[in-house]
Structures are given as structure tokens and as C-alpha cells.
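Trainee: Below you will find the structure I want to go over with you.
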Amino acid sequence: MDFSVSPTLTAHMEAASQLVQEQLIPLEPLLLSHDYPSLMEEMELVRHKVRELGLWAPHLPESVGGMGLSLLAFAQMAERIGYSPLGHLAFGCQAPDAGNAELLLHVGSETQQARYLEPLARGEIRSCFAMTERHLAGSNPVLMNSEAEFDGSHWHLNAHKWFTTAAEGAEFAIVMAKTEPEAARHQQASMLLVPMDTPGVSRLRNISVMGAEGYGPFSHAEMVFDDVKLPADAVLGRPGQGFALAQARLGPGRIHHCMRWLGLAQRAIDEMTRYLQQRAITADKVLGQQPLAQAMLSESVASLQAARWFVLHTAWQVDNGDFGQAKAAISMIKFHTANMLQQVVDNAVQMHGGLGITDDTILAFIFREERAARIYDGPDEVHKLSAAKQLLKVAQ
């Protein structure tokens with residue numbers, strides 16, 4: 001296996017890192033103070049610069065305006081982009097748009113691609129993905145009460161969803177609902193393309209997450225789809241294919257998340273390093289707390305390095321067509337990297353003391369936002385069981 005970086009990719013990564021440092025990190029105070037209108041206005045200028053540099057949508061093929069990177073190359077690029085919580089939005093590869101674009105690319109009809117994929121890939125619109133329901137385990141896509149019935153010419157969708165990320169301001173949603181109730185358990189659901197201005201679609205609220213409701217791409221909504229009338233061609237892929245498509249979407253999506261978490265963990269480590277270098281140390285701290293803080297730093301770096309190689313190896317497996325072997329690895333990097341991030345950020349917060357729990361640094365924001373890393377796209381416990389099943393199957 002070869003994780004080496006080509007001169008071209010090296011140049012791209014250096015350009016991305018420079019843009020993050022010079023243009024995104026200075027905008028983070030707007031995010032932390034919830035000045036979203038000013039932030040989004042500035043972000044559009046940054047996104048324009050990203051396009052000028054040829055760094056837009058690194059996960060998508062060149063045929064739709066992306067960079068056409070392999071998964072392994074994107075993993076290395078995404079760590080640099082993910083150094084700031086604003087990075088993936090700035091470079092056109094943020095969730096849930098990244099996964100939705102890949103779904104449309106692989107199974108969307110020509111009409112669907114023209115209407116939804118092309119403007120989404122260009123960053124002209126945003127989208128959302130509505131699957132989770134409040135009283136059912138979001139980790140299992142076969143569990144849902146949402147339904148869509150076909151009357152011979154139109155679909156009639158009824159659903160109540162929550163944690164629909166980035167619904168506010170989205171142009172369309174991909175909604176999971178049961179359309180084939182008599183089929184086998186894993187063939188009952190379909191994915192439906194729903195323009196957000198369709199009658200019957202309503203956003204009840206942005207859910208407050210640890211004290212913050214968020215805004216636009218930084219929000220998580222509760223949604224109702226009340227007898228939403230959709231054309232026959234609103235189905236993405238085939239009726240009853242929803243579960244299979246969800247698995248196909250979530251697999252690469254989990255790798256994408258892990259790539260981003262590597263960047264955030266590196267950011268937390270850099271914050272720790274600067275704090276140790278700049279803080280005035282008294283004699284008692286040198287003899288007491290300072291060695292403990294240094295040990296905390298080295299443990300964090302070791303944890304990040306281990307997670308980094310695990311993620312890169314998994315991306316390499318997928319690129320080389322070894323998805324069977326990668327299936328267990330994807331589950332393992334999901335819980336391993338999420339736990340690594342939580343511990344590293346917690347170390348950084350602890351080291352900063354009272355400063356660490358304020359919004360004077362980016363650490364508290366990462367801590368709040370990414371605690372959910374161990375829950376969304378499947379909680380740790382589900383991924384551990386899934387990986388174990390795959391490992392036992394291979395061992396037979």
C-alpha cells in the first residue's frame with residue numbers, strides 16, 4: 001500500500017491549509033458569536049476564492065465540477081480542510097450535501113441530476129437528508145413510521161422527521177419513507193426527492209443542541225411532511241431501494257466524517273501546544289501540573305496518529321476495491337476516530353482550564369458540536385457490534 005502524496009496533491013493541500021489559516025480562522029469569531037448573516041456573507045467570498053484556486057468539491061469527479069480525487073487523496077486533503085469547522089462548507093464538501101450529491105451522481109436520473117445535482121455540485125443550492133424519527137433508533141434505517149403511497153400518478157408523503165441537518169435554507173430534501181409495506185423488511189423504504197417549497201413541507205424548529213439552535217448549514221431541524229404530493233419520478237433509484245442506498249451513502253459518509261475529525265483533532269492539539277508554549281509557568285507548575293500537561297499532549301498526538309493511519313488504510317482499501325474487507329474497518333474507524341476526537345478535545349479543554357469552556361477559543365465549540373460524533377451515522381455500540389460480526393464472518 002502507498003500513502004505517498006503526489007507533488008500536485010501536495011500543492012493543493014498547502015494551498016488549502018493557507019486559505020484555512022488566512023481566511024477561515026479569522027471568520028470563526030462570527031460563528032462563535034452566532035453572527036450568522038455576516039458569517040455567510042463572508043463565506044461566499046471565501047468559496048469564490050476556493051473555486052478560483054481549483055479546490056472546489058474535492059470529493060466529486062471533474063465531470064460535475066469537482067477535483068476528482070480518490071478517497072485516499074480526499075482523506076489527506078480533508079484533514080487540512082477540516083482544521084476549521086468552516087472548512088468543509090468553504091470547499092463545497094460539507095455534509096449532508098456531499099453524500100446527497102454522491103447519491104444523485106450514482107443513481108439519479110438525467111432529469112434528477114439536471115435539477116438537483118448540477119446546482120448542488122456548483123454550490124448554488126444546499127440540501128438536507130431526512131431519515132431519523134424521534135421515537136425510533138436512527139441507527140437502523142428499517143425503523144420508521146414515515147410512509148408514501150402512490151395513487152397511480154403521484155406519491156403522497158407523510159412523515160415526521162428530526163435532526164434533519166441543514167434543512168433551514170435547503171432547496172430540497174432526500175426523505176426516507178416506506179413505500180413497499182408488503183415487501184421484505186429491507187426492501188420497504190424508498191428515497192424521495194422533495195423540493196422544500198412543496199405544499200405540506202414545514203420546518204417546525206431548529207433543535208437546540210447543547211444550548212445552540214444553529215442556523216442554516218449549522219442547524220438540525222424537526223420537519224413535518226403532511227400529505228406532500230410528489231410526481232411519480234420523485235423516487236431516487238428504484239422503489240424499495242432506500243435501505244440499500246442508505247447503506248451506500250452512509251459508508252463513504254462515515255469515512256468523510258473521520259477525515260474531518262482528524263483535522264479538528266489536529267486543531268485541538270495545536271491549541272494545546274500553543275497554550276503550553278505561551279503560558280507563564282511558575283515554579284510549582286513546573287514541578288506539578290506542567291509535566292502532566294505535557295504527558296496529555298503526547299498522548300493526544302499518539303492517539304491522532306494512530307487514528308490517521310487507520311483512516312488512510314481504510315480509504316486505501318476502498319480505493320482498491322476491497323470493500324468487503326473495508327466494511328468492518330469503516331465501522332471501526334467510525335467509533336475509534338470519534339472517541340479519539342472526544343478525548344483529544346477534552347484534553348485540550350482541560351489543559352486550558354476556565355478558558356477552555358469559554359467561546360474565546362474554538363475548543364468549546366468543537367466539544368459541543370462533535371460530542372454527537374459518537375451518535376450520528378450510528379452510535380458507537382452499533383458499530384462495534386457490526387464490526388465484530390464482519391470480523392467473525394471473515395474468520396470462519
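Trainee: For Ser4, indicate whether it is in a helix (DSSP H, G or I) and not aliphatic (A, V, I, L, M).
Mentor: Judged against the criteria, Ser4 is not a match.
Trainee: Shifting gears a bit: Any chance you could count how many residues in segment 47-65 are surrounded by fewer than 18 Cβ atoms within 10 Å (Cβ to Cβ) and at negative phi? It would help to see each step written out before you state the result.
Mentor: Within segment 47-65, the subset surrounded by fewer than 18 Cβ atoms within 10 Å (Cβ to Cβ) is 47-49, 51-54, 61-65.
Then drop every residue that is not at negative phi, which leaves 47-49, 51-53, 61-64.
Looking only at that region, the number is 10.
Trainee: Only one of Leu9, Leu24 is under 29 Å from Thr358 (Cβ atoms) and either modelled with pLDDT of 95 or more or assigned to a helix (DSSP H, G or I) (or both); which? Reasoning before the result, please.
Mentor: Details: Leu9 fails: under 29 Å from Thr358 (Cβ atoms).
Within the list Leu9, Leu24, the selection yields Leu24.
Trainee: Can you spot a residue in segment 47-63 that is polar (S, T, N, Q) and in contact with a His (Cβ under 8 Å, 6 or more places away or on another chain)? Break it down into steps so the answer makes sense when it comes.
Mentor: Applying the first criterion (polar (S, T, N, Q)) to segment 47-63 yields 63.
Now restrict to residues that are in contact with a His (Cβ under 8 Å, 6 or more places away or on another chain): none.
No: segment 47-63 contains no residue that is polar (S, T, N, Q) and in contact with a His (Cβ under 8 Å, 6 or more places away or on another chain).
Trainee: OK, next. Looking at Ala306, Ala295, Ala328, Ala302, which one is surrounded by 15 or more Cβ atoms within 10 Å (Cβ to Cβ) and in the same structural domain as Gln247 (by TED's automatic domain parsing)? Let's see the steps before the verdict.
Mentor: On the way: Ala306 fails: surrounded by 15 or more Cβ atoms within 10 Å (Cβ to Cβ); Ala295 fails: surrounded by 15 or more Cβ atoms within 10 Å (Cβ to Cβ); Ala302 fails: surrounded by 15 or more Cβ atoms within 10 Å (Cβ to Cβ).
Of the residues listed, the single one that is surrounded by 15 or more Cβ atoms within 10 Å (Cβ to Cβ) and in the same structural domain as Gln247 (by TED's automatic domain parsing) is Ala328.
Trainee: With modelled with pLDDT of 95 or more, basic (Lys, Arg) and within 30 Å of Leu192 (Cβ to Cβ) as the only criterion, which of Arg51, Arg80, Arg47 stands out? So that I can check it myself, show each step before the final result.
Mentor: Values: Arg51 fails: within 30 Å of Leu192 (Cβ to Cβ); Arg80 fails: within 30 Å of Leu192 (Cβ to Cβ).
Selected residue: Arg47, the only one of Arg51, Arg80, Arg47 that is modelled with pLDDT of 95 or more, basic (Lys, Arg) and within 30 Å of Leu192 (Cβ to Cβ).
Trainee: Please work out if Ala78 is part of a loop (DSSP other than H, G, I, E, B), under 20 Å from His59 (Cα atoms) and either basic (Lys, Arg) or within 16 Å of the chain's Cα centre (by Cα) (or both). Walk me through it before giving the result.
Mentor: Details: part of a loop (DSSP other than H, G, I, E, B): no; under 20 Å from His59 (Cα atoms): yes; either basic (Lys, Arg) or within 16 Å of the chain's Cα centre (by Cα) (or both): yes.
No; evaluated as a whole, the condition is false for this residue.
Trainee: Determine, yes or no, whether Arg134 is of a type in the set (Lys, Arg), at negative phi, in contact with a Lys or Arg (Cβ under 9 Å, 6 or more places away or on another chain) and surrounded by fewer than 16 Cβ atoms within 10 Å (Cβ to Cβ).
Mentor: Working: of a type in the set (Lys, Arg): yes; at negative phi: yes; in contact with a Lys or Arg (Cβ under 9 Å, 6 or more places away or on another chain): yes; surrounded by fewer than 16 Cβ atoms within 10 Å (Cβ to Cβ): yes.
Criteria met by Arg134.
Trainee: Sticking with this structure for a sec: Against the conditions (1) among the small types (Gly, Ala, Ser); (2) farther than 28 Å from Ala307 by Cβ; (3) touching a helix residue (DSSP H, G or I) at 6+ places or on another chain (Cβ under 7 Å), where does Ala130 fall short? Just the number, please.
Mentor: (3)
Trainee: Only one of (1) surrounded by 23 or more Cβ atoms within 10 Å (Cβ to Cβ); (2) in a loop (DSSP other than H, G, I, E, B); (3) in contact with a helix residue (DSSP H, G or I) (Cβ under 6 Å, 6 or more places away or on another chain); (4) among the small types (Gly, Ala, Ser) fails for Ser190. Which number is that?
Mentor: Every condition holds for Ser190 apart from (2).
Trainee: What's the total number of residues in segment 199-230 that are over 24 Å from His154 (Cβ atoms) and among the aromatic types (Phe, Trp, Tyr)?
Mentor: In the first step, residues of segment 199-230 are kept if they are over 24 Å from His154 (Cβ atoms); the result is 204-222.
When the remaining residues are screened for being among the aromatic types (Phe, Trp, Tyr), the result is 215, 218.
Looking only at that region, the number is 2.
Trainee: Only residues that are polar (S, T, N, Q), over 20 Å from Gly99 (Cβ atoms) and part of a strand (DSSP E or B): list them for segment 143-187, please.
Mentor: Selection gives Asn158 alone.
Trainee: Restricting to segment 345-396, and then to whatever is farther than 29 Å from Ala328 by Cα and of a type in the set (Gly, Ala, Ser), can you tell me which residue is surrounded by the most Cβ atoms within 10 Å (Cβ to Cβ)? Full working, then the answer.
Mentor: Going residue by residue through segment 345-396, those that are farther than 29 Å from Ala328 by Cα are 348-365.
From what's left, of a type in the set (Gly, Ala, Ser): 348, 353-354, 356, 364.
Details: Ala348: 28, Gly353: 11, Gly354: 7, Gly356: 21, Ala364: 20.
If we take residues in segment 345-396 being farther than 29 Å from Ala328 by Cα and of a type in the set (Gly, Ala, Ser), then Ala348 is surrounded by the most Cβ atoms within 10 Å (Cβ to Cβ).
Trainee: A further question on this structure: Tell me the residue from Asp270, Asp226 that is at pLDDT 95 or above, more than 24 Å from the chain's Cα centre (by Cα) and either in a helix (DSSP H, G or I) or within 25 Å of Asn145 (Cβ to Cβ) (or both), please. Spell out the reasoning first.
Mentor: On the way: Asp270 fails: more than 24 Å from the chain's Cα centre (by Cα).
That would be Asp226, the only listed residue that is at pLDDT 95 or above, more than 24 Å from the chain's Cα centre (by Cα) and either in a helix (DSSP H, G or I) or within 25 Å of Asn145 (Cβ to Cβ) (or both).
Trainee: Looking at (1) more than 30 Å from Leu27 (Cα to Cα); (2) at pLDDT 95 or above, can you tell me which one Gly138 breaks?
Mentor: (2)
Trainee: What do you reckon, is Leu204 buried (at least 22 other Cβ atoms within 10 Å of the Cβ) and assigned to a strand (DSSP E or B)? Before the answer, list the steps.
Mentor: On the way: buried (at least 22 other Cβ atoms within 10 Å of the Cβ): no; assigned to a strand (DSSP E or B): yes.
Against the criterion (buried (at least 22 other Cβ atoms within 10 Å of the Cβ) and assigned to a strand (DSSP E or B)), Leu204 does not qualify.
To keep it simple, each residue is scored yes or no on (1) touching a residue at least 60 places away in the same chain (Cβ under 8 Å); (2) over 16 Å from the mean Cα position of the chain (by Cα); (3) crowded, with 20+ Cβ neighbours inside 10 Å.
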| site | (1), (2), (3) |
| --- | --- |
| Met67 | no, yes, yes |
| Ala73 | yes, yes, yes |
| Asp97 | yes, no, yes |
| Tyr116 | yes, yes, yes |
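The values are calculated or read from the model by the stated rules, or taken from the named source; none is laboratory data. Remember, predicted model here, so these are calculated numbers, not experimental data. FYI the Cβ positions are ideal-geometry reconstructions off the backbone, even for glycines, and counts take in every protein chain you see.
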